1. For segment 116-252, with the dipole built from +1 on Lys and Arg beta-carbon atoms and -1 on Asp and Glu ones, taken about the Cα centre, which of 207, 250, 138 lies farthest toward the positive end?
2. What whole-number value in Å² describes the accessible area per residue of the chain for a 1.4 Å probe?
3. Give, rounded to the nearest 20 debye, the magnitude of the charge dipole that the chain has about its Cα centre when Lys and Arg contribute +1 at Cβ and Asp and Glu contribute -1 at Cβ.
4. Whole Å is fine, so just give me how far the alpha carbon centre of segment 138-154 lies from that of segment 173-252.
5. Round to a whole number: what % of the accessible area of the chain belongs to carbon and sulfur, probe 1.4 Å?
6. With charges only on Cβ, +1 for K and R and -1 for D and E, what is the dipole size of segment 60-166 about its Cα centre, in debye, rounded to 20?
7. Does anything in segment 148-184 have its amide N under 19 Å from the 7 Å Cα→Cβ label point of residue 191, and if so which residues?
8. With +1 assigned to the C-beta of every Lys and Arg and -1 to the C-beta of every Asp and Glu, and no other charges, what is the dipole magnitude of segment 128-239 about the Cα centre in debye, to the nearest 20?
Amino acid sequence: MPAPHKPGLLLDTADGTATVTINNPAKRNAMTDGMWRALPSMLDGLAADPAVRVLVLTGAGDTFCAGADISALRDGDPQGAAGTAEEALATFPKPTLAAIRGFCVGGGCQLAAACDLRFTAEGARFGITPAKLGIVYPASSTRRLVGLVGPSAAKHLLFSAELIGHERALRTGLVDEVLPDGDALDKRVAEFAGVLASRSRLTQAAAKEFAAPDLDPARVEHWARQSRESGDLAEGVAAFLERRQPRFTWMG
C-alpha cells in the first residue's frame, strides 16, 4: 500500500468489501499513469479473492477524481492505460459501486461509469471533458455512457464538456442514489455493500453478464447449468420457508 501522502491507489478490505481509494489529493485525485497501470492488476487480485464480495471505488478526502493527470498526457497515449483500467473495472466479476464526493470529471467519470452502481453525496459535480483537450473519447466508453444516460444526455456531456450537478446526474441516470453531504454517503455505501455481500454470488455474476450489451448466447446455457448444479436455489427457498438467512455456497 502506498504511503498516504503519495499518489496511488489505497486498498482496504473488511467484511467482504474491498475499498479502492484514489489518492492524489494535491491534484484533486487525478489519476497518474502509474495509477492507471496499477488498477488492473489490483482488480485481478481482488477478483481471485473469495473473501471479497463487493468492490467500492472512491476518492480520498472531498473529491472522487478530477480525471487524468494532464501533465502526463503531453507525450503519452491518453487512452491506452486509462482504457485498459476502465475495461478491467467494467468486467470485474463482482458487484462494483462508486462512492462519489466533489468532482467526478474526465477519467474519474469514466471510472465511475464503469462501475455497476454510483452513489453520490449532494453537491458533487460531473463532467466528461475530452472536448477541452481535443481527445477522441473511446468508442467503448462512449457506448457505456450512452447505455447509462441515453444518446442525447451523452452528447450533451461529450459535446460541451460542461459540468452538471447531482440533480441532473440523478435525473439522467448517471448516478443511482444521492445522499446528504456529510457521513450519510459512507453509511449508506457500507449498508448497501453489506446487503450485496449477503446475496447469491451466482445471481449477481449471471446478472452482470446478462446486462452486458455483448452477451454471448452460449453463456445463457452456462448460467442455466450453474443454476441447476449450484444448490443455491434450494438453499434460498429453504431459508425463506424457515425464516432464516440463506447460506449460499456457489463460489464461481
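The values are calculated or read from the model by the stated rules, or taken from the named source; none is laboratory data. Small disclaimer: the values here were computed from a predicted structure and weren't measured. Here the Cβ is made from the backbone with ideal geometry for all residues, glycine too, and neighbour counts use every protein chain on show. When the accessible area is computed, the model is the full protein with side chains, heavy atoms only, and any ligands, DNA or RNA have been set aside. Shrake-Rupley method; radii C 1.70, N 1.55, O 1.52, S 1.80 Å.
1. Going by the charge dipole, the pick is 138.
2. Per residue, the chain has 51 Å² of solvent-accessible surface.
3. 240
4. Between the Cα centres of segment 138-154 and segment 173-252 lies a distance of 25 Å.
5. 56
6. Once rounded to the nearest 20, the dipole reads 240 debye.
7. Label zone hits: 176-184.
8. About 360 debye.
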